[in-house]
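Since the structure comes first, as C-alpha cells, the remarks are kept for the end.
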Amino acid sequence: MTASIELRVAAWTTVPPASAATLPLSVRRRVTPLGRRALEAAMAVLPRGVSPRLVFSSRHGENSRTLGLLQSLVEEGTVSPAEFSMSVHHALAGLLSIATGNHAGHTAVAAGRESFCYGLLEAAAAAAEDGAPVVLVHFDEALPEIFDAVTASPSPGVILALLLDGSGEPITLTLEPAAAPGTDDPASRFLDFLRSGADEGEATGERMAWRWRRVA
C-alpha cells in the first residue's frame, strides 16, 4: 500500500555558522556539542512572532552522553540523575521550548535508520492538522568505535532543521513497503534533494521506501 502527504518547506539549514550566542548560557551548559549544534540549527529556522510545534528525530540521540552514563554505571554502579534526565530524546525539545517560551508542544521520534523519515511524516501530519508552523530537527552522529562490533549500519553525522508552514515550497512525501531492506541514510538523501534542486529524490530504509517530489 502506498500513502502520500504534502509538506511545505519554508526554510532549512544544517549547522549554521557559529551562533552560540543565540542559545542562553543555561542551555549551552546542559547539552553536548551535538546537542548544541542541533539547537543552533533549530534556532536558525524558528519563525518570528509565533511558537511552532517541535518535532525532534534521532536514531541514537546524544550518544556521547549515553556512553558516559553506561561507563559511570560500570565503574561506579550509579549514574547522575541530572545526566540521566538529559539523555532522553525529549530533552533537547524541552530545552528549546523553555529557552524560547514555546508552549505549542513537541514530539520526539526514534525509529532506527528511518528516524528522519518518520520525523518528517510526523511534522507534515502536524502541519496539515491545523495549518500551524512546525519545526523538525533531525540530529545524529557516528557512534564511538566501542559500538563497531554491534552496529551493522553506522549512522553518519548529520544535522538538519526544517521549517514547515503554508508559505513553503510544496513537496509530496510518498511511502510504501520496500521490496528489500535498504542501507540509505534518509536524512542525507533528503538533504541532497534540497541542495540539488532536483524534481525527485528517494531513500530505501529497513522497511519502507520513501520518495519526495517537488510539486510543479
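Just so you know, all these numbers are worked out from the coordinates, no wet-lab data involved. Everything numeric in this text was worked out from a predicted model, so none of it was measured. Reconstructed Cβ throughout: ideal geometry from the backbone, glycine too, with neighbour counts over all protein chains shown.
Summary table below
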quantity: Most to least packed among 139-148, 85-94 [average Cβ atoms within 10 Å]; calculated: 85-94, 139-148
quantity: Student exercise, the stretch 14-169 dipole from Lys, Arg, Asp, Glu Cβ charges, in Debye to nearest 20; calculated: 440
quantity: Highest to lowest packing among 71-77, 127-133, 162-168, scored as the average C-beta count within 10 Å; calculated: 162-168, 127-133, 71-77
quantity: Residues 210, 12, sorted so that the one with the fewest Cβ neighbours within 10 Å comes first; calculated: 12, 210
quantity: Alpha carbon centroid spacing (whole Å) that separates the stretch 142-216 from the stretch 31-56; calculated: 20
quantity: With 5 Å bins from 0: P(r) over the stretch 14-169, alpha-carbon pairs, percent; calculated: 1, 9, 18, 21, 20, 14, 8, 4, 2, 1, 0
